[in-house]
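Beneath this line is the structure, given in structure tokens, with notes to follow.
Taken together, the values in this text are just the output of simple stated rules run on the coordinates, not laboratory data. All values reported here derive from a predicted model rather than from experimental measurement. Note that we place each Cβ from the backbone using ideal geometry, even for glycine, and neighbour counts take in every protein chain shown.
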Amino acid sequence: MLQRFVAEEPFTGSPTVADGGTKPSWGPVTGADRVLLPPIQRLTARRAGVPTLELPDTFHAVAVSRPTTVAELIHAAAGVGRGRAGVSPGRRERTR
């Protein structure tokens with residue numbers, strides 16, 4: 001049986017407008033990441049021209065290890081956050 005995409009357009013169409021840096025963006029740097037090393041994360045953010053948010057004790061799966069921080073970062077990018085990236089970098093989240 002042949003399966004098809006739910007919507008083919010995202011895979012076959014062309015974008016009509018480029019972002020061009022018009023949307024707020026941040027580059028979270030997960031300091032304890034062993035999959036994508038922090039220096040590479042910083043380099044990528046610098047090349048993209050976005051500020052970084054250092055998360056020193058965070059691993060690659062940042063949405064799992066620091067869900068509140070990720071949610072606050074998303075809210076800040078959407079314009080509903082507070083302060084720099086909407087998070088307090090010194091704030092600790094409870095981990096499992």
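When you count, for each residue, the other Cβ atoms within 10 Å and take the mean per peptide, how do 35-48, 65-78 rank with the highest first? Mind showing how you got there, number by number?
On the way: 35-48: 12.8, 65-78: 16.7.
Highest to lowest by the protection proxy: 65-78, 35-48.
Could you give the length gained on full extension between HIS60 and ALA48, defined as 0.36 nm per residue of separation minus the Cα-Cα distance, in nm? Don't skip to the end; give the middle numbers.
Numbers: separation 12, 0.36 × 12 = 4.32 nm, distance 1.96 nm.
Result for the pair: 2.4 nm of gain on full extension.
Set the Förster distance to 25 Å, then compute FRET efficiency between THR68 and VAL6 from the Cβ-Cβ distance, nearest 0.05. Walk me through the intermediate numbers first.
Numbers: r = 31 Å, r/R0 = 1.24.
With R0 = 25 Å, the Cβ-Cβ based efficiency is 0.20.
For the peptides 55-64, 24-33, what is the packing order when you average, over each peptide's residues, the other Cβ atoms within 10 Å and list the highest mean first?
Values: 55-64: 14.9, 24-33: 17.5.
Answer by packing, highest mean first, reads 24-33, 55-64.
Efficiency by 1/(1 + (r/R0)^6): what FRET value for VAL17 and HIS75, r their Cβ-Cβ distance, R0 = 25 Å, to the nearest 0.05?
Working: r = 24 Å, r/R0 = 0.96.
With R0 = 25 Å, the Cβ-Cβ based efficiency is 0.55.
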